[in-house]
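*Asks:* Okay, handing you the structure first.
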Amino acid sequence: MDSQGELAPAVASILEAARARPTPAERVAVTPRDLPSALARAEAAGRVPVVAEVKPTSPTTEGTDERDPVELARGMVAGGAAALSVLTEPEHFGGSVETLDRVREAVDVPVLRKDFLLEEAQLDAAEADVVLLIARFLDDLEGMLAAARERGFQVLVEVHDREELERALDAGADVVGVNNRDLANLVVNLETFESVAPHVPDDVTLIAESGIADPADAARMRRAGADGLLVGTGIVRGGGSVEANTRRLTTPMDDS
């Protein structure tokens, strides 16, 4: 939906690459692990519900993580992650559907496919439990949402402001992620989530995305209404093992 001029050059480049990517010929069908239930189980167990992200690199980070993504995923789950997110965008994030397949086979938690999906056939590239649809990039969000559900996927619809939230809700989204990163300049501001969250209905699962670097950020997003937190850099580049970094974020802060 956005014109190229309204996006950071890196985002425009990602979309250009996504449009050029070949699409699979065969349609997938999945039986998903339930993401809202996984988040609720983590909370019931006294953990902060975290969706930990496996991503080798990104336009906003330096270098490439060469560690085995399966071992990273296992460490995240051992650290208490309720679910995982795996990048499958190859050119800018170093991801692949093969990595997603390996990770999903190795763990028993829901796995989100994180990519820039612009047309229905792109849904068929991989079997995941959840797929990401970014409202800003889809003219027919309702149609893509229906196509994903027809294949069995659960769907996380990502929004950045109240207008996109209304589009997502009108399309039937029941899991919504609010991305704190501005796509025009890639700057992160946690106030983005805080401004949108009050307008999300109680029966919608709400996830805060981007900019959650430490337990204080996690607590802030939870106070603002997040049912779950999508965390990538804060875990994979947090200075310790991914298991320790994940446990640090999934352990509630002591308010005393």
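The values are calculated or read from the model by the stated rules, or taken from the named source; none is laboratory data. As the structure is a prediction and not an experimental result, all values here were calculated from the model. Note: ideal-geometry Cβ built from the backbone for every residue, glycine included; neighbour counts use all protein chains shown. Heavy atoms of the whole protein, side chains included, go into the accessibility calculation; ligands, DNA and RNA do not. Shrake-Rupley method; radii C 1.70, N 1.55, O 1.52, S 1.80 Å.
Conditions (1) touching a residue at least 24 places away in the same chain (Cβ under 8 Å); (2) acidic (Asp, Glu), marked per residue:
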site: VAL176; (1), (2): yes, no
site: ALA184; (1), (2): yes, no
site: VAL188; (1), (2): no, no
site: GLU191; (1), (2): no, yes
site: ASP203; (1), (2): yes, yes
site: ILE212; (1), (2): yes, no
site: ALA226; (1), (2): yes, no
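*Asks:* Is it fair to say VAL50 is buried (at least 21 other Cβ atoms within 10 Å of the Cβ) and modelled with pLDDT under 95?
*Replies:* In short, no.
*Asks:* Just checking, which of LEU100, LEU118 is of a type in the set (A, V, I, L, M), at pLDDT 95 or above and open to solvent by less than 10 Å² (accessible area, probe 1.4 Å)?
*Replies:* So the residue among LEU100, LEU118 that is of a type in the set (A, V, I, L, M), at pLDDT 95 or above and open to solvent by less than 10 Å² (accessible area, probe 1.4 Å) is LEU100.
*Asks:* Specify which of the listed residues (VAL111, VAL107, VAL86) is touching a Leu at 6+ places or on another chain (Cβ under 7 Å) and surrounded by fewer than 21 Cβ atoms within 10 Å (Cβ to Cβ).
*Replies:* When all the criteria are applied, what remains is VAL107.
*Asks:* Of the residues that sit in the range 180-201 and are assigned to a helix (DSSP H, G or I) and open to solvent by less than 60 Å² (accessible area, probe 1.4 Å), which one is nearest to GLU166 (Cα to Cα)?
*Replies:* VAL196
*Asks:* Filter the range 151-179 down to the residues that are charged (D, E, K, R) and more than 16 Å from ALA226 (Cα to Cα), then identify the one that is most open to solvent (accessible area, probe 1.4 Å).
*Replies:* Here the answer is GLU163.
*Asks:* So ARG19 passes all but one of these: (1) farther than 24 Å from HIS160 by Cα; (2) open to solvent by 20 Å² or more (accessible area, probe 1.4 Å); (3) not in a loop (DSSP other than H, G, I, E, B). Which condition number does it fail?
*Replies:* Among (1) farther than 24 Å from HIS160 by Cα; (2) open to solvent by 20 Å² or more (accessible area, probe 1.4 Å); (3) not in a loop (DSSP other than H, G, I, E, B), the lone unmet condition for ARG19 is (1).
*Asks:* Something else now. Could you check the range 211-238 and list, in sequence order, the residues that are in contact with a Phe, Trp or Tyr (Cβ under 9 Å, 6 or more places away or on another chain) and not in a helix (DSSP H, G or I)?
*Replies:* GLY211, ALA224, GLY225, ALA226, listed by residue number.
*Asks:* Looking at (1) open to solvent by 30 Å² or more (accessible area, probe 1.4 Å); (2) assigned to a helix (DSSP H, G or I); (3) at pLDDT 95 or above; (4) more than 23 Å from ASP227 (Cβ to Cβ), find the lone condition where HIS92 falls short.
*Replies:* Single failed check for HIS92: (3).
*Asks:* Take ALA135 and decide whether it is more than 20 Å from ALA12 (Cβ to Cβ), modelled with pLDDT of 95 or more, open to solvent by less than 40 Å² (accessible area, probe 1.4 Å) and in contact with a strand residue (DSSP E or B) (Cβ under 8 Å, 6 or more places away or on another chain).
*Replies:* Here the answer is no, as ALA135 does not meet what is asked.
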